[in-house]
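J.: Have a look at this one.
The values are calculated or read from the model by the stated rules, or taken from the named source; none is laboratory data. Source: prediction; values computed, not measured. As a convention, Cβ positions derive from the backbone with ideal geometry for all residues, glycine included, and neighbour counts pool all protein chains shown.
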Amino acid sequence: MELFDFYDQDRWPHVFCPGCGNGTVMNCFFRAFNEMGWKLDNTVFVSGIGCSSRIPLYINSDAIHTTHGRAIAVATGLKLSRPELDVVVFTGDGDLGAIGGNHFINGCRRNVDLDVICINNNIYGMTGGQASVTTPHDYISTTTPFGSKEYPFDLAELAVAAGANYVARWTTRHVHELTKSIKRSLEKKGFNFVEVVSQCPTNFGRRNKMADPSALLDWFKESSVRRDKVRAAAIDHVDLNLAGQITTGEFVCRDRECYHEKKGGGAHRDGH
Amino acid sequence: MPIKPGEYFLQGNEACTEASIVAGLKFFAGYPITPSTEIAEGLSSRLPQTNGEFIQMEDEIACVSAIIGASWGGAKSMTATSGPGFSLMQEAVGYAAMTETPIVIVNVMRGGPSTGQPTRASQGDVMATKYGSHGDYQVIAFAPASVQEMFDLTVKAFNYSEKYRVPTFVLSDAEIGHMRGLLTVPKDIKIVNRKEKGVRRADEAYDVPDDLVPAFPTFGKGHKATVTGITHTPKARVEPEDPKVHQELVGRLNDKISANRRDINKWEVIGPDSKTMIVSYGSASFGGREVAARDDRVGLLRLKSLWPLPVEPIREVAEKCEQLLVCEMNLGQLFWEIKRVALEAGCKRVELLAKIGGAPPTPGEVRHKLREMGVI
């Protein structure tokens, strides 16, 4: 499949700002998807609300752009009603970690066969740059003009603790590693979670002295620390502190039986 | 196997459970809440027996989201809840209306607001069913008043939800849900399946034109369907800032239900020529039914569907009678709608018997009110 067959060009132009990381993630996803030989007609993309959640609308396949935070719940229903379909969720830090946090942790626990890709740009981009659950401590947003006084969620660590089958975190600077991890998550059954720390130059970088997208990418490169160990919670990488370090790598790769296998296969209904 | 034709002695919630399977339910997502829990409990064993899928989700928002997802997979989908859970589901109700997703929500109403009376009946969610989500939208809602109707109207809820691609409600209450009674399961039950895109089929669902209710593009069949709650064109291109696109979309979503009111609405009349007509529904109608059966001066219009508002039957009784008494188990919700229609139809007087607290109005209470009005 060619890159341009993957996208639904009728829907262009897209809504992403110049320098946005979403394009990088989409490109990495396309490569992984293509290498896997998956078929667009057998794949459904599910998302919530936000910049990253617009991605499914641009892909040339079935897509459902749901209410804010509910992508994983919708994907769960869809996958259980049609187990033969491949279901991929695109989400963001606000959609997944804040309003959809309950569905996220329960999704990891339930271990339905879903691939969840969270583009974490540390900010609510679409609404104009408000602090999110992953905005680093002391960073500026339109709702934290004196710097965020909260500490950020470590979404990957949360997924590990909640029981996801596969958990990895990369940044948009790690395109090869990210592509490999997405491919791995597509290969594996169960609930697989890939977090991508991504740049939002318009609404995050601009207010934090990194208006140039390349400044954000340089920052990702400098502050990334790889920790490729298959292991559960470890105190030293609980905090995702962009000011200090971004822990990247594959954190968990395990083979818990997924929801469907436990139930011995589900209902198949081709037609009614 | 779905329940066999015959006579049964069942609880209202059990009748709903069996009806959903007869109607073709293939996916149910539930969360425990009194007084609807028996539906989830029943389906957790009945669905695996009938090639369906049951899941208990983490909250009611997840339940309604999951059934929306399952519906796009092509499965007839349902959830069951009560007041607090229903409040949580509201955003998704609007989403299902906007995306034309056929889903059935059973709301076994209990006393609110808030936790209120978990084990007691109420009709406090009638307006929330129609107006609870933001924006202009239409839903279909049925109001059963017996175990038999819990069965019949659940089947109808599925049929109309599929036919019009709209979220459809069974507005039951704790009284009906927990009541035990006789259920006759008929031999021939009419089942309607959604008009699927790319599938040609001589089906009565086709009597709704495509431009009013578009064919359903089930996922995984190569339709490349895009589903979004953002204002979109018929080809699913998002156009959130184009006034015309929004007017056309939301206009059609409302029209497809209100224009087909006559097809959807169900009601029953006792003593249509009486000078005084009681208008009621669900368990609030028990008292009025007793009075109407014994007193020639009093009749009853019992609404079996509440949304879209059954304007025609209300107008018809209002034109003939001298006064209306609306009987509801809330402090007056559908009353204002009924009053508006009745006054427009020339009825001079519309009164309200409002009773909250959980016990349906008794025949004595209805008579007392009628005496107060000076009509008996």
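J.: Does the stretch A:44-52 contain at least one residue that is facing chain B (nearest Cβ under 8 Å) and either under 19 Å from residue A:196 (Cβ atoms) or at pLDDT 95 or above (or both)? Show your work before the answer.
T.: First, the residues of the stretch A:44-52 that are facing chain B (nearest Cβ under 8 Å): A:44, A:46.
If we keep only those that are either under 19 Å from residue A:196 (Cβ atoms) or at pLDDT 95 or above (or both) as well, we get A:44, A:46.
The answer is yes; a qualifying residue exists.
J.: Looking only at residues in the stretch B:216-236 that are of a type in the set (A, V, I, L, M, F, W, C) and more than 8 Å from chain A (Cβ to nearest Cβ), which one is surrounded by the most Cβ atoms within 10 Å (Cβ to Cβ)?
T.: B:216
J.: For the stretch B:234-250, give me the residue count where each residue is at pLDDT 95 or above and of a type outside the set (Asp, Glu).
T.: Number satisfying all stated conditions: 7.
J.: Name the one entry in B:19, B:29 that is within 14 Å of chain A (Cβ to nearest Cβ) and out of contact with any Asp or Glu (no Cβ under 7 Å at 6 or more places or on another chain).
T.: Every option except B:29 fails the conditions.
J.: Can you pull out every residue in the stretch A:68-93 that is at the interface with chain B (Cβ under 7 Å from one of its Cβ atoms) and surrounded by fewer than 24 Cβ atoms within 10 Å (Cβ to Cβ)?
T.: Going through the stretch A:68-93, the residues at the interface with chain B (Cβ under 7 Å from one of its Cβ atoms) turn out to be A:70, A:73-78, A:80-82, A:85.
A:85, the sole residue that qualifies.
J.: What residue, of B:290, B:328, is closer than 25 Å to residue B:109 by Cα, in contact (Cβ under 8 Å) with a residue 60 or more places away in the chain and more than 22 Å from the chain's Cα centre (by Cα)?
T.: B:290
Residues checked against (1) part of a loop (DSSP other than H, G, I, E, B); (2) within 30 Å of residue B:98 (Cβ to Cβ); (3) among the acidic types (Asp, Glu):
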{"residue": "B:255", "(1), (2), (3)": "no, yes, yes"}
{"residue": "B:280", "(1), (2), (3)": "no, no, no"}
{"residue": "B:293", "(1), (2), (3)": "no, no, no"}
{"residue": "B:306", "(1), (2), (3)": "no, yes, no"}
{"residue": "B:316", "(1), (2), (3)": "no, no, yes"}
{"residue": "B:337", "(1), (2), (3)": "no, yes, yes"}
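J.: While we're here: Only one of B:355, B:339 is without any contact (Cβ under 8 Å) to a residue 40 or more places away in the chain and surrounded by 20 or more Cβ atoms within 10 Å (Cβ to Cβ). Can you tell me which? Explain how you work it out, then say what you get.
T.: Details: B:355 fails: without any contact (Cβ under 8 Å) to a residue 40 or more places away in the chain.
Sole residue among the options that is without any contact (Cβ under 8 Å) to a residue 40 or more places away in the chain and surrounded by 20 or more Cβ atoms within 10 Å (Cβ to Cβ): B:339.
J.: Give the residue that is nearest to the other protein chains (Cβ to nearest Cβ), with candidates limited to residues of the stretch A:112-124 that are within 15 Å of residue A:71 (Cα to Cα) and touching a Phe, Trp or Tyr at 6+ places or on another chain (Cβ under 6 Å).
T.: A:112
J.: Considering each of B:59, B:125 in turn, give the residue that is away from every other protein chain (no Cβ under 14 Å), acidic (Asp, Glu) and either under 28 Å from residue B:9 (Cα atoms) or in contact (Cβ under 8 Å) with a residue 12 or more places away in the chain (or both).
T.: B:125
J.: Take residues that are at pLDDT below 90 and within 14 Å of another protein chain (Cβ to nearest Cβ) and tell me which of the helices (runs of 4 or more DSSP H) falling wholly in the stretch A:162-272 contain 2 or more.
T.: Filter on the stretch A:162-272 gives A:259-262.
J.: Applying the selection to the stretch A:42-61, what residues are within 15 Å of residue B:227 (Cα to Cα), out of contact with any Pro (no Cβ under 8 Å at 6 or more places or on another chain) and not hydroxyl-bearing (Ser, Thr, Tyr)?
T.: Result: A:44, A:48, A:49, A:54, A:55, A:56, A:57, A:59, A:60.
J.: Could you look through the stretch B:41-55, keep only residues that are more than 10 Å from every other protein chain (Cβ to nearest Cβ) and touching a strand residue (DSSP E or B) at 6+ places or on another chain (Cβ under 6 Å), and pick out the one that is surrounded by the fewest Cβ atoms within 10 Å (Cβ to Cβ)?
T.: Taking the candidates together, the pick is B:44.
J.: Within the stretch A:127-140, is even one residue more than 23 Å from residue A:12 (Cα to Cα) and outside any loop (DSSP other than H, G, I, E, B)?
T.: Yes - at least one qualifying residue is present in the stretch A:127-140.
J.: In the stretch B:92-125, which residues are touching a Leu at 6+ places or on another chain (Cβ under 7 Å), part of a strand (DSSP E or B) and hydrophobic (A, V, I, L, M, F, W, C)?
T.: Hit for the stretch B:92-125 is B:109, nothing else.
J.: How about the stretch A:49-121: which strands (runs of 3 or more DSSP E) wholly inside it have at least 2 residues that are touching a residue at least 40 places away in the same chain (Cβ under 8 Å)?
T.: Correct list: A:86-92, A:114-120.
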